[in-house]
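The values are calculated or read from the model by the stated rules, or taken from the named source; none is laboratory data. On a predicted model such as this, the values are computed, not experimentally measured, just so you know. A quick note on method: Cβ atoms are made from the backbone with ideal geometry, for glycine too, and the neighbour counts reach across all protein chains shown. Calculation scope for accessible area: heavy atoms of the full protein, side chains included, ligands and nucleic acids excluded. Shrake-Rupley method; radii C 1.70, N 1.55, O 1.52, S 1.80 Å.
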Amino acid sequence: MKNTVVTFMEAKKKGEKLSMLTAYDYSTAKLIDGAGINAILVGDSLGNVVLGYENTISVTMEDMIHHGRAVARGIQNALLVIDMPFMSYQTSVYDAVMNAGRLMKEGMAHAVKLEGGIEVCDKVKAITQAGIPVMGHLGLTPQSIHAFGGHKVQGKDEIAARKLIENAKALQEAGAFSVVLECVPAKLAEIVTQTVDIPTIGIGAGKGCDGQVLVYADAIGMFDDFKPKFVKQFGQIGAAMTEAFRKYDEEVKGGVFPADEHTYSISDDVLERLY
Ligand code: KIV
């Protein structure tokens, strides 16, 4: 069944949990979609996982569009959400609407995601009024990593916790259809989830959220540059890949691969005439 923003809202009403994973390419998107995951996020974690940057700051609109289109071609049923990269929406309402529009027209997104609370609500409102669904992102917002001074759990004191709740309410008011809560205490995420009508999607925010998201490469044990506490590895695909690459190397160097079954033939007649 096709997932839409309406599916998201209905899931919350029915108390059904939502699943979301990131993807950055066609083949992975096809596998994730085939597994029945509700939404695929072309996250700007693309910067870390695919492009090898230390953080998400350098990711561009062109990067997001390029990978968004690839993922879109692998999707049949999942909702495709594409991240708005750093400085594609913070600068002005005009930039925000134009760039969200590009992610839809060129990146084939069904919805966009952007980071921040009250301070970005004018952009969220304008984008949604242009007919583009917006997913918010609160808590540890990686585009502000330098302002936070590192990867730290957010909303731990009363002022920060109240601010998080207010930000979630403001995003809902501005028209967001859903909100990601990253790296916040589970009890606080539960309060936010009970306070707003839109589904909360947690990452490091406990089981009380309406859904969960993980970076797919973390979830399958393929990316180990850093491993946050909230990551669970549902497979050891990185180790399986290394083993396959090692076997390939061994067989190439040992003259075992390619074997006859991997090789094309030519008739002896033709061959004789070549000498
Ligand atoms: O970029 C990303 O992958 C994200 C998720 C971690 C929510 O924003």
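For a paramagnetic label modelled on Ala147 (point 7 Å from Cα along Cα→Cβ), amide N atoms under 16 Å away belong, within the range 46-60, to 56-58. Which one, Val49, Val256, Val184, has the greatest fluctuation when you compute a Gaussian network model over the chain with C-alpha springs under 10 angstrom? Its mean-square fluctuation being the largest, the pick is Val256. The figure for Glu251 is an accessible area of roughly 70 square angstrom, using a 1.4 Å probe on the protein chains alone. The 1.4 Å probe gives accessible areas that order Asp210, Asp225, largest first, as Asp225, Asp210.
Fully extending the segment from Asp95 to Arg273, taken as 0.36 nm per residue of separation minus the present Cα-Cα distance, adds 57.4 nm.
Share of carbon and sulfur in the accessible area of the range 81-137 stands at 62%, probe radius 1.4 Å.
Springs join every pair of Cα atoms under 10 Å in this Gaussian network model of the chain, and among Pro133, Pro199, Pro258 the largest mean-square fluctuation is at Pro258. Tally the DSSP beta bridges in the chain and give the antiparallel ones as a percent, rounded to 5. Once the DSSP bridges in the chain are tallied, antiparallel ones form about 5 percent. Dipole of the chain computed with +1 at Lys/Arg Cβ and -1 at Asp/Glu Cβ about the Cα centre; of Pro185, Leu18, Ala100, farthest Cα towards the positive end is Pro185. Summing Cβ point charges (Lys, Arg +1; Asp, Glu -1) relative to the Cα centre of the chain gives a dipole of roughly 1160 debye. Only the Cβ atoms of Lys and Arg (+1) and of Asp and Glu (-1) were treated as charged; on that basis the dipole of the range 208-275 about its Cα centre amounts to roughly 520 debye. Helical runs assigned H by DSSP (4 residues or longer) give the chain a calculated mean residue ellipticity at 222 nm of -12500 deg cm²/dmol, each run adding -39500 (n - 2.57) before division by the residue total. Along the axis of the charge dipole computed for the chain (Cβ charges of +1 for Lys and Arg, -1 for Asp and Glu, origin at the Cα centre), the listed residues Gly139, Ala70, His151 are led at the positive end by Gly139.
Within the full protein context, the accessible area of Arg162 is estimated at about 140 Å² for a probe radius of 1.4 Å.
Here Val196 sits with roughly 0 square angstrom of accessible surface, probe radius 1.4 Å.
Going by accessible surface with a 1.4 Å probe and the largest first, Phe148, Phe234, Phe257 read Phe234, Phe257, Phe148.
Considering only Ile40, Ala109, Val6, and ranking their Cα positions along the charge dipole of the chain that arises from unit charges at the beta-carbon of Lys, Arg, Asp and Glu, the one farthest toward the positive end is Val6. Protein heavy-atom accessible surface, 1.4 Å probe, per residue over the range 11-130: 44 Å².
Bridging of Lys105 to aspartates and glutamates at a Cα separation below 13 Å is possible for Glu62, once same-chain residues fewer than 8 apart are set aside.
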